[in-house]
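Working notes, beginning with the structure itself.
The values are calculated or read from the model by the stated rules, or taken from the named source; none is laboratory data. Source: prediction; values computed, not measured. Cβ coordinates were reconstructed from backbone atoms using ideal geometry, including for glycine residues, and neighbour counts include every protein chain displayed. What goes into the accessible areas is simple: the full protein's heavy atoms, side chains included, and nothing from ligands, DNA or RNA. Shrake-Rupley method; radii C 1.70, N 1.55, O 1.52, S 1.80 Å.
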Amino acid sequence: MSETPREAGFAMPAEWAPHAGCWMIWPERPDNWRLGGKPAQAAFVAVASAIARFEPVTMLVSARQYENARAMLPPAVRVVEMSTNDSWARDVGCSFLLGPDGALGGVDWPFNAWGGLKGGLYFPWDLDDQVARKMLELAGGRRFRAPLVIEGGAIHVDGEGTALVAAQCVLNENRNENVTRQDMERMLKDYLGASQIVWLGQGVPGDETDGHIDNLACFVRPGVVLLSWCDDPADPHYTVSRDAEARLKDARDAKGRMIQVERIPMPAPLYYTAEEAAGVDATASGMNRRAGERMAASYVNFYIANGAVIAPCFGTMTDAPARAVLARLFPGREIVMVPAREILLGGGNIHCITQQQARA
Ligand code: KQY
């Protein structure tokens with residue numbers, strides 16, 4: 001058996017800890033991004049440009065799109081050629097770790113496109129599964145290949161030994177058959193350097209990742225979790241958000257603290273328009289877009305950069321209250337909201353398309 005990060009003295013820092021930079025992947029897949037990816041590319045440029053004001057950004061780009069991406073991105077963004085199947089750096093990238101004397105490491109999570117042949121979103125996913133290894137080579141970090149399939153968007157950590165997950169996702173049979181909660185806890189503790197796992201139940205309804213935690217809830221500092229909240233009893237997220245709050249209030253973190261729950265409103269319901277759905281190539285993949293289908297929108301799906309929070313906005317009446325919540329919870333950081341509907345149309349949001357590289 002190879003050494004685990006925990007055995008080697010590595011752990012995943014909180015997202016608010018200092019970053020060396022941020023990694024992203026350029027969108028181009030026409031069965032996920034409408035109109036050949038052009039509107040999504042503009043949205044990714046806006047996100048990369050916003051983050052680049054605060055920390056270095058690396059954009060991984062296919063050979064085919066290299067010139068286009070280089071031309072669209074500001075000079076401050078480093079563009080590196082890499083083959084991928086799609087553009088979800090949170091999920092296919094490594095989760096960076098720090099170890100003894102500030103050594104850089106990273107978890108390379110086995111990836112199966114959110115469910116493999118049992119409801120996964122595309123096939124093949126072999127290029128995506130190699131991204132974490134390649135990132136760690138470029139960054140000069142020690143690689144720890146995990147023994148179970150999960151994605152970076154399925155975990156959040158507080159940097160003090162606590163990890164937050166949703167059972168719907170990390171115990172899903174389409175990631176690992178017959179995995180027990182104990183198996184998963186052991187693996188998460190070993191690979192994140194954690195000592196306490198806080199379990200939520202379901203993720204945001206309609207989330208095509210089977211309930212990634214990064215769309216539902218996140219730590220904003222040790223002992224405090226921000227939860228996407230719904231007050232409409234007719235909305236399926238009403239029950240999900242209440243259940244999540246109850247579980248958080250019952251839980252203790254790695255330091256034995258009770259968890260303070262902060263609520264952020266979920267965006268007013270957002271649906272694919274007929275034009276948006278028609279702009280996506282139809283394939284046999286799991287990503288069939290239909291007009292009128294509800295999207296799993298959430299303000300929790302933000303990226304914490306050095307000195308800033310880069311958060312999605314949707315042009316809805318909930319944008320301003322959401323910004324106010326973030327400003328209150330992150331008093332030392334600039335809140336930068338970026339229009340993110342085009343990212344949401346692809347099934348995720350700003351946290352899903354970014355990956356922080358830790359700095360000692
Ligand atoms: O939310 C994410 N972390 C990824 C979503 C993938 C959607 C693929 N269409």
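Summary table below
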quantity: Most positive-pole-ward Cα, 217, 236, 278, against dipole of region 212-308 from beta carbon charges; calculated: 217
quantity: DSSP beta bridges in region 123-259 [antiparallel fraction, %, rounded to 5]; calculated: 60
quantity: Alpha-carbon gyration tensor eigenvalues x 5, square-rooted, for region 1-131, Å; calculated: 27, 21, 11
quantity: 10 °C / 1.306 mPa s Stokes-Einstein diffusion coefficient of region 168-265, Kirkwood radius on C-alpha pairs, µm²/s; calculated: 111
quantity: Alpha carbon centroid spacing (whole Å) that separates region 16-46 from region 49-69; calculated: 8
quantity: Inter-probe distance in nm under a simple model that places probes 7 Å from Cα toward Cβ, at residue 281 and residue 142; calculated: 4.2
quantity: Accessible heavy-atom area order of 255, 189, 249, highest first, probe of 1.4 Å; calculated: 255, 249, 189
quantity: Of all DSSP beta bridges in the chain, antiparallel share, percent nearest 5; calculated: 40
quantity: Backbone HN-Hα couplings from phi across region 177-186 [Karplus 6.51/-1.76/1.60, Hz, Gly and Pro as x]; calculated: 6, 6, 7, 8, 4, 5, 4, 5, 4, 4
quantity: Per residue, in Å², the accessible surface of the chain once ligands and nucleic acids are set aside, probe 1.4 Å; calculated: 37
quantity: Cβ-defined net charge surrounding residue 287, 10 Å radius [Lys, Arg +1; Asp, Glu -1]; calculated: -2
quantity: Selected from 137, 15, 342 as most flexible by GNM, with the chain as the system and alpha-carbon contacts under 10 Å; calculated: 137
quantity: 245, 7, 293, ranked by accessible area, largest first (probe 1.4 Å); calculated: 7, 293, 245
quantity: Part-to-part distance (alpha-carbon centres) for region 137-166 and region 324-360, which is given in Å; calculated: 19
quantity: Residue (of 306, 351, 33) at the positive-pole extreme of the chain, dipole from beta-carbon charges; calculated: 306
quantity: Heavy-atom accessible area order for 66, 299, largest first, 1.4 Å probe; calculated: 66, 299
quantity: Among 238, 191, 303, residue whose mean-square fluctuation peaks in a GNM of the chain (springs only between Cα atoms under 10 Å); calculated: 238
quantity: For region 140-147, 3J(HN,Hα) per residue [Karplus equation, 6.51 cos²θ - 1.76 cosθ + 1.60, θ = phi - 60°, Hz, x = Gly/Pro]; calculated: x, x, 6, 9, 10, 7, 7, x
quantity: Cβ charges +1 (Lys, Arg) and -1 (Asp, Glu), total dipole of the chain, debye; calculated: 660
quantity: Values of log10 I(q)/I(0), in the order q = 0.07 Å⁻¹, for the chain under a Debye, Cα-only, solvent-free model; calculated: -0.26
quantity: Interchain or long-range residues, amide H under 5 Å from residue 313's placed H; calculated: 338, 340
quantity: Part-to-part distance (alpha-carbon centres) for region 246-261 and region 170-233, which is given in Å; calculated: 14
quantity: Backbone HN-Hα couplings from phi across region 52-68 [Karplus 6.51/-1.76/1.60, Hz, Gly and Pro as x]; calculated: 5, 5, 10, 6, x, 10, 10, 10, 8, 9, 5, 4, 5, 9, 4, 5, 5
quantity: Accessible area of residue 247 in the full protein assembly, 1.4 Å probe (Å², nearest 10); calculated: 90
